[in-house]
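Report on the following structure.
The values are calculated or read from the model by the stated rules, or taken from the named source; none is laboratory data. Just so it is clear, the structure is predicted and the values come from calculations on it, not from any experiment. Here the Cβ positions follow ideal geometry from the backbone for every residue, glycine too, while neighbour counts run over all protein chains shown. Ligands, DNA and RNA are excluded from the accessible area calculation, which covers all protein heavy atoms including side chains. Shrake-Rupley method; radii C 1.70, N 1.55, O 1.52, S 1.80 Å.
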Amino acid sequence: MKSCMISVLTLAFGITLSAAAPAKAPLVQNAGFEKMAGKNPADWVCVVPANGLTVNGEAGQKVLKLAKSGTGACMVVQRNLPLAADKSYAVSCSVRSTDQGTGMVYVEYRAKQPDGKYKHTSVNARAIHGKEDWTEVLFEVSPRAKECEAPYIVLMTTANSMEFRNLKITELD
């Protein structure tokens, strides 16, 4: 009887009923840098020198630009990523530099040791030498021990400037 009623509704009104899957929460908040809190992107902790961070629009997309000046790196960090310890994830991001910048995109987590100190594990913490054309950075975050703290992601420049866009973290099957 139920399928008969759905067929009648479909014929009469062009309506098809289906159970839609609930939308998943994004694994990185404000990954497109659309939301701004003052001069900084919301949901990110900024460790930047004065005037070291800008967000601009480009072809309908937001681009985060980090510029290093003086000593120390220029970076943004998003803590407590909701990544399950027993799953693998793919991280992707486009990067470029118009001034021969060097930077990094990496994920890190830590585990407390018996002596009370922490052991840090970094995934993809290697230098990226920016090119003028957009280049894709892609890496996998493997499962980690359940005792580890929630991971965090870092975008940074260590020389000149780097631009970042299209940041995504997706669960792998």
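Restricting 31, 59, 90 to those that are exposed (fewer than 14 other Cβ atoms within 10 Å of the Cβ), at pLDDT below 95, aliphatic (A, V, I, L, M) and closer than 20 Å to residue 168 by Cα reduces the list to 59.
Screening 141, 105 for residues that are among the aliphatic types (A, V, I, L, M), crowded, with 17+ Cβ neighbours inside 10 Å, out of contact with any Gly (no Cβ under 9 Å at 6 or more places or on another chain) and over 24 Å from residue 52 (Cβ atoms) leaves exactly one candidate, 141. Apart from one condition, residue 164 fits all of (1) open to solvent by less than 20 Å² (accessible area, probe 1.4 Å); (2) without any contact (Cβ under 8 Å) to a residue 24 or more places away in the chain; (3) among the aromatic types (Phe, Trp, Tyr); the exception is (2).
I'd like the residue in the stretch 121-138 that is open to solvent by less than 40 Å² (accessible area, probe 1.4 Å) and hydrophobic (A, V, I, L, M, F, W, C) and, out of all such residues, is nearest to the chain's Cα centre (by Cα). My answer is 137.
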